[in-house]
Amino acid sequence: MQFLLNDPFLTKMLKVGHWKNMQIIRKHYIDQLVEWKDKDVIKVVTGVRRCGKSTILSQYENEIRTRFKISDEQIITYDFNDDELSKMSESELHKQIIVRSNKNKVNYLFLDEIQEIKDFEKCVISLYSNKKIKFDIYLTGSNSKMFSSSLATLFTGRNQEIRVYPLSFSEFYNYAKENTKLDRIEIFNTYMELGGMPIILNELNNTKNAKARLSSVLFDSINKDVKNRHHIKTFPEFSRFTQYVYENIGHIMSTRSISAYIKSNNSSRTSHKTIDRYLGWLCEALLLYKVDFFNTTGKRILQTSGKYYSVDNGIRNAQNNFNMTNDGSLLENIVYIELLRRGYSVTVGKLRDGREIDFVAVNGNQTTYFQVTQSLNSPTVREREIGNLRSIKNSFRKIVLSQFDRNEISADGIQIINLIDWLLEE
């Protein structure tokens, strides 16, 4: 996608705000917020722009109203996606909140996309530290580094991050099953192309509109959370950079290879330092995730170039004009984000002889090794996928996720699980 900064169609769409769509109750996240309710920590809900954070806060507000009988006068909400509100100073915001607060009860304060307010940390610090008025504070933001170093230092152990991702395939499937005529395979193919951004739900029967909405989300995220925030002046260069990165999702990328690509497209060579900054900014905006390599023999993280995955297939495909040339990488992308959603810490495994394990997923003291493939019908592919897992000599679970194969257990005790079945597991 070319980021057309003066595109009147996209500009108009973005000013409208959030598109109306049928809400999916995001119970997984609401339960986490309930768990931290009234605890002496600032709840920080992070996630890429338009992934559903505002909706989750709204659903949580309704939850505490009905379940805990919290009155409307105890709930204070600000949505800084609003252009006018985002112009407030932190001191003006602080004054308004104090005026609106209930002096005799707990105030449930929701500050949505708070990073739009300059020096918001000062306001949050003051409210959190207020001895006369009690606040239970919830922040959302589209940046992984919302907190300045000073706030992070001050609130060490006093903030709890809840990372929100776009809709899981299970959420997407349940919605599509009830609201479209698509069958299971068609729903998966749609998810692989359009991803799980909630904004597309009302357009599942109109692919053209769904793609336009995804392009607008990417446009909005790049401009607000990357270009404007970091004052990028060489935007054509940055656009070529993002095109290369998203085309090569799931592949090893080095600053050298990216620099060579940008130069080959009629541009001067971009420094490795600049490319590292660009990658960092996309990761900060939660549009991109870096995955390190893990030495399965030495049990350590390798200090080498990593792989990158998109927060959502729809975002990745929007960047590349929905040119889906590598289904294998798109499958890996779905699995990687799902593992993060399920609470795993994820790396790419590196065997002694250089072969790779797609994902090494760790949760507590449990490790699971994953290979991801479209099909095991080819003997060569079957040996490669199962053989790589067979080379790991420990008792941890080893799984091949296959798009087209049925569930079975190999002679080596390696599980072969249909990818769609796995994604639909609760």
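The values are calculated or read from the model by the stated rules, or taken from the named source; none is laboratory data. Computed from a prediction, not measured in an experiment: that's the story for all the values here. Cβ placement follows ideal geometry from the backbone for every residue including glycine, while neighbour counts extend to all protein chains displayed. Side chains are part of the model used for accessible areas, which takes the heavy atoms of the whole protein and leaves out ligands, DNA and RNA. Shrake-Rupley method; radii C 1.70, N 1.55, O 1.52, S 1.80 Å.
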Task: Where segment 370-420 is the region considered: accessible area per residue in Å², 1.4 Å probe - done: 51 Å²
Task: Charged-residue dipole, Cβ positions (Lys, Arg, Asp, Glu), segment 365-426 about Cα centre, Debye nearest 20 - done: 300 debye
Task: Span per principal axis, largest first, for the Cα atoms of segment 358-426 (Å) - done: 34, 29, 19
Task: Residues whose placed amide H lies under 5 Å from that of Q371, excluding near-sequence neighbours - done: I399, V400, L401
Task: Farthest toward positive dipole pole in the chain [+1 Lys/Arg, -1 Asp/Glu at C-beta], among Y336, H28, L111 - done: L111
Task: Residue order for H231, H251, H94 - accessible surface, 1.4 angstrom probe, largest first - done: H231, H251, H94
Open item on the list: With a cut-off of 8 Å between alpha carbons and a minimum separation of six or more residues, what is the relative contact order of the chain in percent?
Closed with: 14 percent
Task: Listed residue (N206, G47, N179) projecting farthest to the positive dipole end of the chain, Cβ model - done: G47
- [ ] Using a 1.4 angstrom probe on heavy atoms only, work out the carbon and sulfur share of the accessible area of the chain in %.
- [x] 48 percent
- [ ] Starting from the Cα gyration tensor of segment 63-186, take the square roots of the eigenvalues, sort them a ≥ b ≥ c, and report rounded, prolate or oblate (rounded when a/c is under 1.5, otherwise prolate if a/b is larger than b/c, else oblate).
- [x] prolate
TODO: Convert 4 °C to kelvin, take the viscosity as 1.567 mPa s, use the Kirkwood radius over C-alpha pairs of segment 199-335 as Rh, and evaluate the Stokes-Einstein diffusion coefficient in µm²/s, rounded to a whole number.
DONE: 81 µm²/s
Open item on the list: Could you order the peptides 409-417, 45-53 from most to least packed, using the average number of other C-beta atoms within 10 Å per residue?
Closed with: 45-53, 409-417
- [ ] Based on the mean of other Cβ atoms within 10 Å per residue, sort peptides 365-377, 211-223 so the most packed one is first.
- [x] 211-223, 365-377
Open item on the list: Using the Cα centre of segment 303-426 as the reference point, and only Cβ charges (+1 on K/R, -1 on D/E), how large is the resulting charge dipole? Debye, rounded to the nearest 20.
Closed with: 440 debye
TODO: Rounded to the nearest 500, what is the 222 nm mean residue ellipticity of the chain from helices alone, with -39500 (n - 2.57) per DSSP H run of 4+ residues and division by all residues?
DONE: -12500 deg cm²/dmol
- [ ] For segment 312-426, divide the Cα radius of gyration by the Kirkwood radius and give the resulting Rg/Rh value with two decimals.
- [x] 0.96
Open item on the list: How long are the semi-axes of the equivalent ellipsoid of the chain, taking √(5λ) for every eigenvalue λ of the Cα gyration tensor, in whole Å from largest down?
Closed with: 37, 26, 23
Open item on the list: Could you tell me which residue out of L376, I97, N317 lies farthest along the dipole of the chain toward its positive end? Charges go on the beta carbon: Lys and Arg +1, Asp and Glu -1, centred on the Cα centre.
Closed with: I97
- [ ] Please list, in chain and number order, the residues 5+ apart from N107 or on another chain whose amide H is under 5 Å from its amide H, with Hs placed from the backbone.
- [x] K134, F135, D136
Task: Nearest-10 value in Å² for the accessible area of K273, using the 1.4 Å probe - done: 140 Å²
Open item on the list: Taking the full set of protein chains and a 1.4 angstrom probe, give the accessible area of F396 in square angstrom, rounded to the nearest 10.
Closed with: 70 Å²
Task: Average accessible area per residue (Å²) across segment 77-191 - probe 1.4 Å, nucleic acids and ligands excluded - done: 49 Å²
TODO: In debye, nearest 20, what is the charge dipole magnitude of the chain about its Cα centre with +1 on Lys and Arg Cβ and -1 on Asp and Glu Cβ, if you could check?
DONE: 980 debye
Task: Protection proxy ranking of 234-241, 34-41 - average other beta-carbon atoms within 10 Å, highest first - done: 234-241, 34-41
